[in-house]
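Participant: Just passing along the structure, written as structure tokens.
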Amino acid sequence: MTEQADNVTMSGGGLYSLATIGAKHVIDNTLPRVLSALDNCTQTGSASALTFSDMGCADGGTSLDLWRGVIEHLRNKKSYAGDIQIVYADQPNNDFSALAKITHGLTQFKTYLDEFDRVYILQSGASFYIPVLPACTLDLGFSATAMHWLRGKPVDITGHVHMVGATGDEQQAFEKQARRDWTEILLHRARELKPGGQLVLANFCRDDEGRYLGGTTGVNMFDTFNDIWQHFVDDKVITEKEYQSMTLPQYYNTVEEFCAPFQDANSAVSKAGLQMESIETAVVACPFAEDFKTHKDAKQFAEKYVPTIRSWNESTWFAALSTKRSLAERRDIIENYYETYQSRVEAQPTEHRMDYVHAYMTISRRAE
Ligand SMILES: C[S@@+](CC[C@H](N)C(=O)[O-])C[C@H]1O[C@@H](n2cnc3c(N)ncnc32)[C@H](O)[C@@H]1O
């Protein structure tokens, strides 16, 4: 039985974007791919608005420069003077207030809205597992670092907290869930894309060398998560049941897994008119570990590095704790958890890093 992953939220109040410069580097890297997709899809001469989506946008801070680049390209290179609407979509429990403040220029982030006319920002609480837009209305759909979140976890993994540490039947259950979820995401996009429309996705992956987020060199990040959580059981900070409930509802597809639905002409995805135009993987170096090489201050590194991890997984750890504990007690355990992590990083700074390993892909809906 699949549980609903309603405990997946990024840090609110704009903290997400402040802590995750690496995610911004990933998005910045997609600009040439997005512009090329745009050149292949837009009906820039048409009177109706061009519609873009940013699925799993969090607070919107990390993609501001991407959308600025897209609008600049349309206005200056393509002479498109018409309306542009960008639909920012995330789960209902996302911090949409932070998103509004960031995109509308009420924070330290520089919005593109001040620079261009006829650009409209819309917000949607629709998950990418349901339709975000009406049929045939989307010109270009975008998503970065979000589609590894499954609809839910198919099982709690024995002795680990993430699918990269799953084996046997449990690993297969995750694989199956991920296959279904990827198809579901694609089918919804196939319906909302205009014929000839494009999708550009930068999704976490396991690459051909078996690398994945936090699993490149040095200490494995997910093993560290697990090890600390296990020690908390040994030290009676948490119960065995709380340990067991902590399984991240995530899956990192390989390139083969991303491509599989497109390779079968009879699959629902192919029949819906989608085709994989191109896919490549790349690693973005952990910016905090790279900075450490210059400043060599272990404490500073640990203090900057751990919040980036915390920004995306705190809510899942929190949800694993029993609600029989008071809120204050649960908060203390979580503080203790990240302090422990921080001291490990400080003790062995050259071993910790969270390199981002992504598959960058362009998918199109066949023109009719
Ligand atoms: C790591 S953040 C990425 C934010 C931003 N796209 C970036 O790359 O910096 C992942 C985002 O995906 C969102 N997310 C997770 N599951 C989702 C779903 N089913 N539908 C829409 N968004 C989802 C989370 O709420 C979170 O805001």
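We did not get these values from a lab; they are worked out from the coordinates using the rules stated. Predicted model only: the values in this text are computed from it and were never measured. Glycine also receives a Cβ, built like all others from the backbone with ideal geometry; neighbour counts cover every protein chain displayed.
Participant: Can you list which of the GluC sites (Glu not before Pro) found in region 101-203 are DSSP loop residues with at most 15 other C-beta atoms within 10 Å?
Facilitator: Values: sites: Glu115, Glu170, Glu175, Glu184, Glu192; in loops: Glu115.
For GluC sites (Glu not before Pro) across region 101-203 that sit outside H, G, I, E and B with at most 15 neighbouring Cβ atoms in 10 Å, the list reads Glu115.
Participant: Quick check on the chain: of the DSSP beta bridges with both residues there, what percent are antiparallel, nearest 5%? List each step's numbers first, then the result.
Facilitator: Working: 19 of 42 bridges.
Taking every DSSP beta bridge within the chain, about 45 percent pair in antiparallel fashion.
Participant: By how many nm would the segment from Ala100 to Ser48 lengthen if fully extended, with 0.36 nm per residue of separation less the alpha-carbon distance? All intermediate terms of the calculation are to be shown ahead of the outcome.
Facilitator: Details: separation 52, 0.36 × 52 = 18.72 nm, distance 2.44 nm.
So the chain would gain 16.3 nm between Ala100 and Ser48.
Participant: Okay, moving on. Measure off 7 Å from each Cα along the Cα-to-Cβ vector at Lys241 and Glu175, then give the distance between these two points in nanometres to one decimal.
Facilitator: 3.3 nm
Participant: Between Ser36 and Asp156, 0.36 nm times their residue separation minus their Cα-Cα distance comes to what?
Facilitator: Working: separation 120, 0.36 × 120 = 43.20 nm, distance 4.12 nm.
Full extension from Ser36 to Asp156 adds 39.1 nm.
Participant: Of His104, His352, how do they rank once you tally other Cβ atoms within 10 Å and put the fewest first?
Facilitator: Values: His104 13, His352 27.
Taking fewest neighbouring Cβ atoms as first place, the list is His104, His352.
Participant: Hey, another quick one. Distance cut-off 20 Å, Cα to Cα: go down the list Lys153/Lys304; Lys110/Lys296; Lys24/Lys110; Lys236/Lys304; Lys153/Lys176; Lys24/Lys101 and report the pairs above it. List each step's numbers first, then the result.
Facilitator: Details: Lys153/Lys304 30 Å; Lys110/Lys296 31 Å; Lys24/Lys110 14 Å; Lys236/Lys304 29 Å; Lys153/Lys176 11 Å; Lys24/Lys101 18 Å.
Where the Cα-Cα span goes over 20 Å, the pairs concerned are Lys153/Lys304; Lys110/Lys296; Lys236/Lys304.
Participant: Order these by the 10 Å Cβ neighbour count, fewest first: Phe128, Phe116, Phe204. Present the calculation step by step, with values, prior to reporting the outcome.
Facilitator: On the way: Phe128 25, Phe116 14, Phe204 21.
The most exposed by this proxy come first: Phe116, Phe204, Phe128.
Participant: For region 105-172, state the average projected area of the convex hull of the C-alpha atoms over all orientations, rounded to one decimal in nm². Intermediate results must be reported in sequence, preceding the final value.
Facilitator: Details: hull surface 33.1 nm².
The orientation-averaged projected area of the Cα hull of region 105-172 comes to 8.3 nm².
Participant: Once both axes come from the Cα atoms, what is the angle between helix 221-234 and the longest principal axis of the chain, in degrees from 0 to 90, rounded to 10?
Facilitator: 40 degrees
Participant: Which listed residue (His104, Thr239, Ala265) has the Cα farthest towards the positive end of the charge dipole for the chain, taking +1 on Lys and Arg C-beta and -1 on Asp and Glu C-beta about the Cα centre?
Facilitator: The residue sitting most towards the positive pole is His104.
Participant: Using a simple charge model, +1 on the beta-carbon of Lys and Arg, -1 on the beta-carbon of Asp and Glu, nothing else, what dipole does the chain show about its Cα centre, in debye to the nearest 20? Don't jump to the answer; show the numbers that get you there.
Facilitator: On the way: 35 positive and 49 negative charges, 166 e Å.
Dipole about the Cα centre, nearest 20: 800 debye.
Participant: Taking the Cα-to-Cβ direction at Cys136 and at Ser278 and moving 7 Å from each Cα, how far apart do the two end points lie in nm?
Facilitator: Computed distance between label sites Cys136 and Ser278 equals 2.9 nm.
Participant: Continuing with this model, one more query. If I fit a long axis through the Cα atoms of helix 31-41 and take the longest principal axis of the Cα atoms of the chain, what angle between them do I get, 0 to 90°, rounded to 10?
Facilitator: The two axes meet at around 40 degrees.
Participant: ³J(HN,Hα) across region 197-208 via Karplus (A = 6.51, B = -1.76, C = 1.60, θ = phi - 60°), whole Hz, x for Gly/Pro?
Facilitator: Karplus values, whole Hz, x for Gly and Pro: x, 10, 10, 10, 10, 10, 10, 3, 8, 9, 8, 4.
Participant: How about region 241-324: which GluC sites (Glu not before Pro) there are in a DSSP loop, with at most 12 other Cβ atoms within 10 Å of their Cβ?
Facilitator: Values: sites: Glu242, Glu256, Glu257, Glu277, Glu280, Glu290, Glu303, Glu314; in loops: none.
The qualifying sites: there are none.
Participant: Can you tell me, using C-alpha contacts under 8 Å and at least 6 residues apart, the relative contact order of region 291-368 as a whole percent?
Facilitator: So the answer I get is 39 percent.
Participant: Fewest first, what order do His295, His148 take by the number of other Cβ atoms within 10 Å?
Facilitator: Ascending Cβ contact count within 10 Å gives the list His295, His148.
Participant: OK, next. When the helix-only estimate is applied to the chain (DSSP H runs of n ≥ 4, each -39,500 (n - 2.57), divided by the residue count), what is the mean residue ellipticity at 222 nm, nearest 500 deg cm²/dmol? Write down the numbers at each step before the final one.
Facilitator: Values: 13 runs with 153 residues, N = 368.
Computed mean residue ellipticity for the chain: -13000 deg cm²/dmol.
Participant: Return the distance in nm (one decimal) between the two label points of a simple spin-label model at Ala285 and Asp28, each offset 7 Å from Cα along Cα→Cβ.
Facilitator: Those two pseudo-labels are separated by 1.4 nm.
Participant: What number does the chain give for Rg over Rh if you use C-alpha atoms and the Kirkwood radius? Could the numbers behind the result be given before it?
Facilitator: Working: Rg = 20.7 Å, Rh = 21.4 Å.
Answer for the chain: 0.97.
Participant: How far is the Cα center of region 265-323 from the Cα center of region 328-365, in Å?
Facilitator: 8 Å
Participant: Here is a follow-up. Efficiency by 1/(1 + (r/R0)^6): what FRET value for Ala367 and Gln108, r their Cβ-Cβ distance, R0 = 45 Å, to the nearest 0.05? Can you show the working numbers first?
Facilitator: Values: r = 42 Å, r/R0 = 0.93.
It comes out at approximately 0.60.
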